Each structure stands twice: as structure tokens, then as C-alpha cells.
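Quick note: the coordinates plus some simple rules give every number you see, no bench work behind them. These figures come from a predicted structure and were not determined experimentally. Quick reminder, even Gly has a Cβ in these numbers, built from the backbone with ideal geometry, and neighbours come from all protein chains shown.
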């Protein structure tokens with residue numbers, strides 16, 4: 001499958017699948033990274049400025065509402081972190097959130113929670129502020145890595161973090177945004193929890209103080225959200241949501257990786273991953289963590305909160321038992337429980353799924369031997385297994401969590417089923433690799449691809465098309481595992497094979513062009529921008545030679561090249577290339593897909609023109625794109641919202657505040673409806689537009 005146009009600016013990096021890297025369709029795959037909310041002027045205070053009794057020394061961080069400064073207080077003589085809302089961001093909702101955070105911090109008195117000193121309003125600017133404990137240190141994971149902490153020392157650090165959250169829960173506070181970035185470890189090795197900006201009070205007496213969350217709104221950081229929080233069920237969140245977030249933090253603290261890969265996922269796919277997909281085991285990344293820690297992690301990350309640790313104290317207790325080499329309380333889920341959950345979720349099961357479930361339930365290949373017999377059985381098994389993989393539709397993330405366990409069982413029993421038939425076994429491993437790839441389990445995908453390549457390399461002599469395809473699969477997996485040097489080397493080996501196999505006029509040159517495109521994306525990751533452009537350009541020329549200068553494939557290459565220049569902060573270079581891509585698309589023969597390609601291209605060019613200050617033409621292009629998308633993509637609301645957001649921005653910049661407000665309001669309504677985590681930023685954009693309208 002050739003890559004599609006990578007046209008939306010919110011898709012801020014090339015994506016990779018088993019067939020393509022750069023150019024995944026961003027209209028259907030809005031990325032988690034996303035485009036930041038439009039940046040309105042937010043100047044920071046210079047050093048030497050004064051807010052109340054505090055002298056500004058420098059900026060610690062800047063956000064949509066304001067900034068956090070390092071400041072000095074004379075009496076008592078101490079350094080503080082000063083959180084200040086800028087006047088232009090003031091609104092009733094933001095003030096309520098700010099007041100709530102100050103109130104919550106005032107409740108909490110614990111050595112592992114940053115303390116608040118004072119809250120007030122600056123007499124000169126009228127800006128609310130609060131001063132709190134200044135902590136010089138590093139974020140949690142950075143600290144552990146910088147000091148080379150052992151697993152045991154990391155667990156001891158984590159226990160202190162648990163102590164802080166236990167204290168907050170005892171005070172009726174759910175944090176809702178626990179992540180390493182909100183935990184600073186001081187030079188003395190003491191973790192300090194920060195940022196209770198979206199925390200919630202649980203006691204009934206304080207409900208009137210708690211900022212209400214709109215129905216379906218996601219608040220927090222998606223990677224660390226519990227399934228119930230990611231699903232937008234904010235009304236019923238309890239302390240077990242923080243238990244889940246702590247589990248993700250512990251996973252990252254011990255491995256440096258996340259239990260799920262959400263990079264470049266569409267929002268709905270990322271949420272589905274959190275809600276449905278089994279997290280990786282710690283031991284898949286670090287075998288030394290196998291055993292009790294694996295079990296603890298599975299319990300902390302249980303999707304069903306009734307099966308999760310019921311309190312942070314329970315999680316903390318099992319961590320301490322591990323440190324003391326005592327038996328833990330957690331137990332892995334039983335086979336019966338997992339099998340029952342699978343059957344309940346899958347009322348229609350393929351023959352192969354039933355077969356593998358037998359293996360899963362009875363723990364033996366005996367069931368398969370009874371079901372099938374002889375050489376014919378192996379072929380039937382292969383056909384049915386491959387059919388079941390396709391019906392799982394794992395690439396779209398539509399399969400319940402336990403289906404991935406079936407993949408694991410396929411992998412464990414492949415050699416028994418296809419012994420003596422190496423080509424069927426190689427095909428089997430290749431399809432398994434693609435299935436794992438669809439689950440973003442790139443490590444297991446790589447293992448399957450390597451097995452397939454090893455088998456084929458014994459029976460085939462290079463250069464061979466199947467060997468080239470195998471290397472390409474391996475490189476794709478390595479790319480997503482951030483092993484860019486290895487990916488580069490394997491893409492280069494793939495290129496050598498394709499160049500040896502095909503002349504410039506052979507249809508197989510399309511594979512060469514795709515490999516060049518993927519190699520270009522890899523060079524971007526390696527910071528070798530000149531080589532990236534060279535690869536993208538070569539890919540384009542091959543596509544011109546093979547498909548003609550006016551082909552869809554050439555427009556794809558133009559998009560990759562233009563996208564690269566946008567990422568380099570050079571919209572003036574990207575503009576004519578995007579125009580060329582749009583011209584090609586408009587000249588294609590009419591078919592059902594043409595209007596959608598044109599809509600996406602107009603969106604990309606429109607956003608590029610905004611960056612260049614060409615507002616009138618940008619507005620025309622975006623208006624046309626919106627009309628096409630509304631007609632063609634009524635079910636793809638994130639894509640429609642993206643174009644509405646761009647229209648709101650260009651109207652604001654053109655001083656057409658009435659239309660800017662109308663578009664921004666539509667964005668808020670859509671993102672609230674679908675539970676988009678960018679909802680809060682969209683609401684602030686709407687409020688800023690209304691603020692500018694009134695001045």
C-alpha cells in the first residue's frame with residue numbers, strides 16, 4: 001500500500017505502517033501530538049519585575065493561561081516558584097481552575113508535595129498569582145536515569161511518590177494528571193508532586209468549589225490516563241484512576257518506555273488502545289523484571305477498575321513486599337477469566353480463533369492434533385489462521401484486548417503446525433508480524449519479521465523480491481522502535497536489492513520509490529536533513545518515470561517534500577510544492593476519491609499560507625476544504641474540526657471576529673462531543689477570541 005498524502009499540519013511527523021512511513025492520511029489519523037492551539041501574544045515578565053513582594057528572576061515555563069517564574073522573596077529570604085495568570089487569559093473558568101489549584105495545595109501538607117506559600121492578586125496588573133515551594137531538580141525519570149539508579153532504588157523512589165498521593169487521597173483529592181513531568185526530584189533525592197491544576201475534590205462539602213468538567217471532556221495527559229478517564233467518564237472517576245496513572249509512571253520509571261505506543265495514533269484509536277489493548281509486560285522490555293513486578297504491573301494497569309488495586313496503599317504495599325522479597329498479594333488473571341472475557345467480547349469467532357482458544361484453555365497442542373491430521377491439516381490451519389488475522393482487523397484497532405493473546409498463541413505453535421513447509425512458515429511469521437504491527441507491538445513484530453527473513457534467506461538467494469520485502473518489514477519495525485540507525489541500514493540493504501532486481505522501467509520500481517521515501521523519513525529522525533531531501537527527491541523522480549508527472553503517486557511525494565520544509569520552519573519553500581501537489585490532484589481523472597484528496601491538499605496549502613500571512617487566499621482554500629470535508633467526511637469529525645480551527649485562526653488574524661467565534665465554537669462543540677483532549681485548548685482559543693472582540 002502506497003503512502004497517502006500527509007496533508008494536515010496537526011500530523012506533525014511521518015507515520016509508518018507495514019506498507020508506508022511518510023504520508024499516512026492525517027484526516028483519518030489526527031495525531032496525538034497535534035497542532036498546538038493558536039499562539040496569541042503572551043509576553044513574559046523580564047527579570048527584575050515585581051509581583052507583590054516577589055522579584056522575578058527568570059521563566060520556568062509558559063502555558064496557555066500564563067507562566068511560572070523563578071522569583072525571590074526578601075522576607076523570609078527564599079526562592080519561590082511564582083505561578084501567574086496573564087491578564088489576557090482571564091476568564092471565569094480559568095480563574096475557577098486557578099483558585100481550585102491554590103485551595104487544594106493549601107490543604108496538602110506533605111514532604112513529597114510542593115508546598116504553597118501564598119495566593120493573591122497583583123495590585124498593578126490585576127493578575128492572580130500564587131507562590132509555592134521552588135524545587136531545583138530533575139523530573140522523575142530523568143533523575144533516575146541521570147543517577148543510574150538500580151531497579152530497587154527506583155522502586156524506593158516510587159514508594160515516596162505513593163506516599164504523597166496517599167496523603168492527597170486522604171484529604172479527598174484525586175490528582176488526575178500524575179506523570180513524571182509533574183514529579184520533580186530534589187538534589188536530596190526527595191520526589192515532590194506538582195501541578196494539581198486539574199485535581200478534583202471528592203468530599204461532598206467541597207463539591208461547589210470543584211470546577212465542573214463538561215460531559216465527555218478529557219482532562220489530563222493521555223498516555224497516563226486510566227481507561228475510564230480516557231473514555232471521558234469524568235463523573236465517576238475515583239482514586240483508582242490515580243492508581244492506574246501510577247502504574248504507567250512505574251512502567252516508564254523501570255523501563256524508559258510506555259506500556260502502549262500511542263505515537264501518531266488518531267485520537268479515537270489511542271483511546272481504544274487504552275480502553276481495550278493489553279499493555280506490554282515489563283519483562284518484554286527487560287527480562288530481569290519478570291515475575292512479581294510483571295504481576296504487580298498487570299494489576300495496576302487493569303482495565304476493569306474492580307480488578308485493579310483498590311487503593312494506592314495496596315499498590316505501595318506490594319512494592320514494599322517485592323523490595324523485602326516477600327510474597328505479593330496480587331495474582332495474575334486466571335485462564336478461565338481471560339477466556340470468558342474473550343468469548344463475551346467475540347460472539348462471532350473464526351475457526352482458527354476457536355482452535356487457538358482450545359490451545360489457550362487446555363495448554364497443549366493436543367487439541368490441534370485431534371482437530372487436524374496430516375499435511376493437509378497444516379495448509380488448512382495456515383489458511384484459517386491468515387483468514388482470522390484479516391478478520392481481526394488489527395490495523396484499525398477494532399479487536400478486543402484478548403485477541404492479541406491469540407496472536408501470541410499462534411506464534412508459539414507455528415513451528416509445530418508448519419514443520420517441513422518453510423515457505424508456509426515464513427508466510428505465517430510475516431502475517432503475524434503485520435498483525436503485531438497493527439497492535440503497535442513493534443518488538444514482537446520485529447521478532448516475527450526476523451524469523452520469516454531467516455527462513456527465506458536459507459532457501460532463497462539474494463537479490464530476491466521476498467528477501468527485499470522482508471528487510472523492508474524489519475526496517476519498518478525498527479523505525480517505530482526508535483532504532484533509526486538499524487532501520488537506515490536495513491532500508492539501504494533493501495534499496496540495493498530492489499536496484500539489483502529492477503530496471504528503471506520495471507513496475508517493481510514503485511517498491512524502490514517507497515523505500516526511498518521511508519529512508520527519507522529515517523534520515524529526518526537522524527537529523528540528516530540533506531540526505532532526507534535527497535531521498536524524497538529520488539522517490540519523486542522514480543514515480544514521475546513510472547507513473548507520469550501528473551500521477552497521484554507524484555502528488556504523494558510532493559506532499560512529503562512540502563511537509564519536510566514546513567517542519568523545518570520554511571513555509572515559503574513548502575508553498576509552491578503544495579501548490580504543485582494540488583494542481584496534480586485537480587488534474588486527475590474523476591473518481592470517488594478525487595474530491596477528498598483535493599480537500600486535504602487545500603487544507604495543507606491553506607495552513608501554509610496562514611504562516612506566510614496570505615490570509616485572504618488561505619481563507620478561500622480552507623472554506624472550500626471545509627465544504628468538501630463536510631460533504632465527504634461527515635463521520636470524521638476530528639478532520640472537520642481541524643479545518644474549522646484553521647478557519648477560526650485566519651478569521652481572527654483578519655479581524656473578522658464574528659466568524660472566528662462561530663468557527664471556534666463549532667470546534668469546541670465537536671471536540672466536546674468526541675472527547676478530544678484538545679478541548680480545553682480549544683475552549684481557551686474561543687475565550688481569547690471573545691476577549692479580543694470586546695476590546
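For the range 478-495 and the range 567-618, what is the centre-to-centre distance using only Cα atoms, to the nearest Å? Using only Cα atoms, the two centres lie 31 Å from each other. Between residue 283 and residue 537, the simple label model (points 7 Å from Cα in the Cβ direction) yields a spacing of 5.2 nm. On full extension, the segment bounded by residue 124 and residue 443 gains 109.1 nm, given 0.36 nm per residue less the C-alpha separation.
With 0.36 nm allotted per residue and the present C-alpha distance subtracted, the residue 150-residue 329 stretch has 62.1 nm of extension available. With Cα atoms defining each centre, the range 267-296 and the range 147-198 are spaced 21 Å apart in the structure. Once you sort the root eigenvalues of the Cα gyration tensor of the range 618-695 as a ≥ b ≥ c, which label holds: rounded (a/c under 1.5), prolate (a/b larger than b/c) or oblate (the other case)? It comes out oblate by the Cα gyration axes. Taking a ≥ b ≥ c as the square roots of the eigenvalues of the Cα gyration tensor, the range 254-323 is classed as oblate, since a/c reaches at least 1.5 and a/b does not exceed b/c.
Between residue 530 and residue 496, the simple spin-label model (points 7 angstrom out along Cα→Cβ) gives 2.4 nm. Spacing of the modelled spin labels on residue 572 and residue 231, each 7 Å from Cα toward Cβ, amounts to 5.2 nm.
Neighbour counts of C-beta atoms inside 10 Å place 561, 573, 295 in the sequence 573, 295, 561, starting with the fewest. Going from the residue with the fewest nearby Cβ atoms within 10 Å to the one with the most, 458, 53, 451 rank 458, 53, 451. Going from the residue with the fewest nearby Cβ atoms within 10 Å to the one with the most, 497, 225 rank 497, 225.
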